[in-house]
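Encoded as structure tokens, the structure appears first; notes follow it.
The values are calculated or read from the model by the stated rules, or taken from the named source; none is laboratory data. Just so it is clear, the structure is predicted and the values come from calculations on it, not from any experiment. Neighbour counts are summed over all protein chains in view; Cβ atoms, including those assigned to glycine, are modelled from backbone coordinates with ideal geometry. Just the protein is used for accessible areas: all its heavy atoms, side chains included, with ligands, DNA and RNA removed. Shrake-Rupley method; radii C 1.70, N 1.55, O 1.52, S 1.80 Å.
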Amino acid sequence: MKKDIITVTSPLLPSLEEFEPLLKDIWERKWLTNNGHYHKELEKALAEYLGVEYISLFTNGTLPLITALQAMRITGEVITTPYSFVATTHSIWWNGLKPVFVDVDPTTGNLDPQKIEEAITPKTTAIMPVHVYGNPCDIDAIQEIADRYGLAVIYDAAHAFNVKIDGKTILDAGDMSTLSFHATKTYNTVEGGALICRDARTKKRIDYLKNFGFAGETTVVAPGINSKMDEIRAAYGLCNLKHIDSAIAARKKVAQKYRAALTNVTGISMFNERDDVTYNYSYFPIFVNEKEYGISRDALYEKMKEQNVLGRRYFYPLISDFAIYRGLPSASKENLPVATRMANEVICLPMHASLTEDDIERILTLIVK
Ligand SMILES: *Cc1c(COP(=O)(O)O)cnc(C)c1O
């Protein structure tokens, strides 16, 4: 008989006991959305928790990307990474802009600053990097290039909830950073997201944009969209925020066990951890070198699946390999050798706070030979 399924992710959930009183309160207030009580509370709590000054809540993690490009009035070409979730490039496309793919650094999976510079043209106006798996980008090098060429930097920080360098958040890097609070992410509000900016004036513009562009009862200042977070999810998010530290601590323990067991397995590699970074352990990617390991990534993935251990080939295929984008000149494999290799070798192992010792043992025995 097959053992129970171990899923790649499992949502962090508040208890119903703690959520219910907040629901009752919302029922009494009869105010369900449009910057209500819990929306304000969650914005305040998240700003404090994350150590950022200006944060706007959204219904998901894709709309803040789209809105950030709108808010900064980006035109022309945007340099971005193919090694991410499709939403990163889609947000560029939805703004009628041209994505330009640049290869990644094998030690982080993030945009390689030197290759960013080589891809700049007179039409380039912005860079959209991703802190993939919560690994910080080379923020200083990217900013230096952006400053020299006068480019905006919008970070897709969907994986970087509360990631810090030397105890300081990385969410204030660049001009703006976005977060996703999707159910599968480290911190969730069921669906949800946020846009972090640097000043009150920009936050105001973002808040107009996420509410159809309304700046007053009868004033519309921009072609905005509707991406406001509702009261129920904001209340749920407040409950979940109480559990995020212990959830990240539990993930860290899982990561430590994986790392210890896989360090000397020939043909399996992992990212190195930096001593100065506080990680959130949102994912645990391993890379399978077929020649050294003996079987391919897909063979290992299938072998795990047969035993009800569900990994995820994340990120595979590359965004640049999807039919919509593969015609772009920058999408060629020759332009993206590192990202192409990573996409062919990666498996994200199950990673969530509720994995037991037995689960971890079961997963590891399938990989360690
Ligand atoms: C999850 C994710 C998004 C999109 O977030 P949603 O909340 O699902 O819309 C964007 N970028 C990256 C890198 C993601 O992982």
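Residues of the range 109-138 that are away from the ligand (no atom under 16 Å from the Cβ) and within 24 Å of Phe287 (Cβ to Cβ): Asp112, Pro113, Gln114, Lys115, Ile116, Asp138.
A Cβ distance below 7 Å, combined with a sequence gap of six or more or placement on separate chains, defines the contacts here; from the range 330-349, residues that are assigned by TED's automatic domain parsing to the domain that holds Leu262 reach residues that are of a type in the set (Gly, Ala, Ser) and not in a helix (DSSP H, G or I) in the pairs Met342/Gly109; Ile347/Gly311; Cys348/Gly311; Leu349/Gly311. The residues on offer are Arg297, Arg326, and the sole one that is open to solvent by 40 Å² or more (accessible area, probe 1.4 Å) and under 16 Å from Tyr83 (Cβ atoms) is Arg326. Here is a check on your reading of the model: is Thr278 in contact with a strand residue (DSSP E or B) (Cβ under 8 Å, 6 or more places away or on another chain), open to solvent by 30 Å² or more (accessible area, probe 1.4 Å), of a type outside the set (Phe, Trp, Tyr) and closer than 30 Å to Lys164 by Cβ? Criteria met by Thr278. When the range 88-106 is filtered for residues that are under 15 Å from Val153 (Cα atoms) and within 13 Å of the ligand (Cβ to nearest atom), the ones remaining, listed by number, are Thr88, Thr89, Ser91, Ile92. All conditions but one from (1) assigned to a loop (DSSP other than H, G, I, E, B); (2) of a type outside the set (D, E, K, R); (3) open to solvent by less than 70 Å² (accessible area, probe 1.4 Å); (4) within 16 Å of the ligand (Cβ to nearest atom) apply to Phe85; the one that does not is (3).
Within the range 38-66, the set of residues being within 16 Å of the ligand (Cβ to nearest atom) and of a type in the set (A, V, I, L, M, F, W, C) comprises Leu42, Leu46, Ile55, Leu57, Phe58, Leu63, Leu65, Ile66. Scoring Ala222 on the criteria (1) under 19 Å from the mean Cα position of the chain (by Cα); (2) surrounded by 15 or more Cβ atoms within 10 Å (Cβ to Cβ) leaves a single failure, condition (1).
In the set Thr67, Thr75, only one residue is in contact with a strand residue (DSSP E or B) (Cβ under 7 Å, 6 or more places away or on another chain), open to solvent by 60 Å² or more (accessible area, probe 1.4 Å) and not assigned by TED's automatic domain parsing to the domain that holds Met351; that residue is Thr75. Within the set Thr178, Thr169, the sole residue that is under 17 Å from Leu65 (Cβ atoms) and among the hydroxyl-bearing types (Ser, Thr, Tyr) turns out to be Thr178. Checking every residue in the range 46-57 against the condition of being open to solvent by 70 Å² or more (accessible area, probe 1.4 Å), modelled with pLDDT of 95 or more and part of a helix (DSSP H, G or I) gives at least one match. If I go through the range 142-198 residue by residue, how many of them are within 9 Å of the ligand (Cβ to nearest atom), more than 11 Å from the chain's Cα centre (by Cα) and open to solvent by 50 Å² or more (accessible area, probe 1.4 Å)? Here the count works out to 1.
The set of residues in the range 213-228 that are under 19 Å from Met72 (Cβ atoms) and not hydroxyl-bearing (Ser, Thr, Tyr) comprises Gly213, Ala215, Val221, Ala222, Pro223, Gly224, Ile225.
For the criterion of being surrounded by 16 or more Cβ atoms within 10 Å (Cβ to Cβ), closer than 25 Å to Ala157 by Cβ and of a type in the set (Asp, Glu), Glu273 fails. For the range 1-15, filtering for residues that are closer than 21 Å to His182 by Cβ, of a type outside the set (Ser, Thr, Tyr) and either open to solvent by 50 Å² or more (accessible area, probe 1.4 Å) or without any contact (Cβ under 8 Å) to a residue 12 or more places away in the chain (or both) leaves 3. Once the range 60-89 is narrowed to residues that are closer than 14 Å to Ser227 by Cα and among the β-branched types (Val, Ile, Thr), the residue that is nearest to the chain's Cα centre (by Cα) is Thr62. Whenever a residue of the range 155-177 is more than 18 Å from Tyr49 (Cβ to Cβ) and among the basic types (Lys, Arg), it has no partner that is within 15 Å of the ligand (Cβ to nearest atom) and open to solvent by less than 10 Å² (accessible area, probe 1.4 Å) lying with C-beta atoms less than 9 angstrom away and at least six residues away or across chains. Within the range 11-67, the residues that satisfy the criterion of being among the polar types (S, T, N, Q) and closer than 21 Å to Tyr208 by Cα are Thr33, Asn34, Asn35, Ser56, Thr59, Asn60, Thr62, Thr67.
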